[in-house]
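The values are calculated or read from the model by the stated rules, or taken from the named source; none is laboratory data. Computed from a prediction, not measured in an experiment: that's the story for all the values here. Here the Cβ positions follow ideal geometry from the backbone for every residue, glycine too, while neighbour counts run over all protein chains shown.
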Amino acid sequence: MSVLTVDVGTSVIKSVVFDARGKEIALSRTRTEVLRPHPGWAEQDMDAVWNGVVRTVRGALSRLGREHAPVRLMSFTAQGDGCWLVDDDGRPTGPAILWSDGRAGDLLTRWAADGVLERAYRRNGSLTCGGMPNAVISWLAAHDPGRLERSRTALTAAGWLFLALTGVAAIDRSDASAPFLDHTTGRYDPAILDLFGLGDQRRLLPEVLGEDERIAELTRRAADELGLPAGLPVVMAPYDIAATACGAGVVSPGQACGILGTTLCTEIVTRRVDTTGEPCGINIAYGGPDRVLRAFPTLSGTEVLDWAARTLGIGSPAALGELAFGPRPVTPPARPGGAPLAPDARPMAPGAGGVAFLPYLSPAGERAPFLDPQARGAFWGLSLDHSRADIARAVFEGLSMVVRDCLRAAGTEVRELRLCGGGSASDHWCRLIADVTGVPTARSADTEPGAKGAFLTGLVHSGAEPDMRTAADKYVRVRTTWEPDPRRAARYDELHASFLTWRDTARSLGWAPAPGPGPAPAHNVRHA
């Protein structure tokens, strides 16, 4: 049996076919466009996303050889949060408003000042950010009420795909976790709806599917578009950061995963929802009453590398890495037993020659491991003596400091951090993260861990495997590991303390000068 998986990311849609051994045998990708009609906004055309799914599915199927078994199961994952509104006929009432959207920043500031964010966090362990549905719906109620009136259901990306594939309008518990879920019942918490003043908008929220309810049949219409048989079982896997953790084999309490993608998402499996301490991050339902994924999805990730490469006049993030780290040596160190150690980068003193970088470049500010819609990036310590290589190195170090900061906020001992996402293709960066965090890092043999997580979920919920732990042990393999260098790790301990000081200083100064005059965000926006 072959399993078709789809991973609808923010910047790339991927379709991957796995064989019965869990090996990737066909892959198709297409890029997606994030629309930014106003400063701080982030949207996508919902039909364009569906069309991208159709292209990649057909592309993956066309790459299957005759020797491979036919597809008998489809499973998918997608970007989380956001607000994908549809009408009574299941048609979009406008573009999807994404998880990275920042138009509700002023609303967040008011909720924080009124204590609403903290009270909601104490109930379900998730701190609201501007791209979550409660913030988006509240913003629309104030600035575009007509769109809400035309809308029947507020879906997520996964909900939109499930509707397009099966005709079922629903949400799974991972996507529902933030901000409305009562983790004890698996249903929406009326008290949280009331906290955010959304009692009247309860009608927009789709049904929450239980663990045994996330499977349905492919409709004839979708089957014809995709080139698949009607009635094919379709499984809605957890949303992308949770599916990626599954695909990396991070499924048991104490295991940790770091996604180096559009978001730098550091996540740790725990046994219960933690609502104590300073509110930060989110708690995601993770396949059972004794498993929760404590996640810290940042708003700035590998887009920072794209920005740095453009700004420095370098062709690509890979070239930026070569500038930052230099060539690797020919002979790698040996490690007795287990996965081989990766080749070491050439010796380079931590600290980028005295340059430090705060990587908070998202127009929506930052949400993990702290929430501040006004957060902005900065370089510290620049002089005429510094080179492009120092700046490039500082960018990678700043992003790695964020990973360490998220691990620190989790307050849980971690023995290994499994890295995935596009950034994990860099051996240099994986080693740097090991040195900065002081935690061994590892990378799995799969190139598409989100799709692998959907594959594992599909096997479990179709009855082919008994549980996620068994499936992960059977199909996930670690390819490479990196151990922290004690001397570099000790130096990064000192530099991380300075990083936090610089961040607090920037925050106390208001992050950046007030912007000059520019186009004001549109209000009462009408979408076709």
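Structure above, values below:
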item: Residue that is surrounded by 19 or more Cβ atoms within 10 Å (Cβ to Cβ) and closer than 16 Å to MET132 by Cα, where the choices are THR153, THR166; result: THR153
item: All positions within segment 10-22 that are surrounded by fewer than 22 Cβ atoms within 10 Å (Cβ to Cβ), under 19 Å from the mean Cα position of the chain (by Cα) and assigned to a loop (DSSP other than H, G, I, E, B); result: SER11
item: Members of segment 33-58 that are crowded, with 18+ Cβ neighbours inside 10 Å and either part of a strand (DSSP E or B) or free of Cβ contacts under 8 Å to residues at least 24 places away in the same chain (or both); result: GLU43, GLN44
item: Conditions (1) in a helix (DSSP H, G or I); (2) of a type in the set (D, E, K, R); (3) within 21 Å of SER252 (Cβ to Cβ); number of the one not met by ARG418; result: (1)
item: Subset tally (residues that are among the hydrophobic types (A, V, I, L, M, F, W, C), in a strand (DSSP E or B) and in contact with a helix residue (DSSP H, G or I) (Cβ under 7 Å, 6 or more places away or on another chain)) for segment 277-322; result: 6
item: Within segment 138-219, strands (runs of 3 or more DSSP E) holding 1 or more residues that are of a type in the set (D, E, K, R); result: 170-172, 207-209, 215-217
item: Residue list for segment 223-234, filter: outside any loop (DSSP other than H, G, I, E, B), closer than 16 Å to ALA60 by Cα and not acidic (Asp, Glu); result: ALA223, LEU226
item: Number of the exception - TYR188 against (1) in the same structural domain as ARG72 (by TED's automatic domain parsing); (2) under 23 Å from THR298 (Cβ atoms); result: (2)
item: Every residue from segment 23-32 that is surrounded by 15 or more Cβ atoms within 10 Å (Cβ to Cβ) and either part of a loop (DSSP other than H, G, I, E, B) or polar (S, T, N, Q) (or both); result: SER28, THR30, THR32
item: Failed criterion for GLY261 (all others in (1) free of Cβ contacts under 8 Å to residues at least 40 places away in the same chain; (2) under 13 Å from the mean Cα position of the chain (by Cα) hold); result: (1)
item: Residue identified as β-branched (Val, Ile, Thr) and at pLDDT below 95 among THR276, THR219; result: THR276
item: Residue satisfying all of: in segment 461-478; of a type in the set (A, V, I, L, M, F, W, C) and assigned to a helix (DSSP H, G or I); farthest from VAL251 (Cα to Cα) among these; result: ALA471
item: Residue match in segment 330-349 (condition: on the phi > 0 side of the Ramachandran plot and modelled with pLDDT under 90); result: yes
item: Qualifying residue in segment 103-113 (condition: of a type in the set (Gly, Ala, Ser), assigned to a loop (DSSP other than H, G, I, E, B) and farther than 23 Å from ALA191 by Cβ); result: no
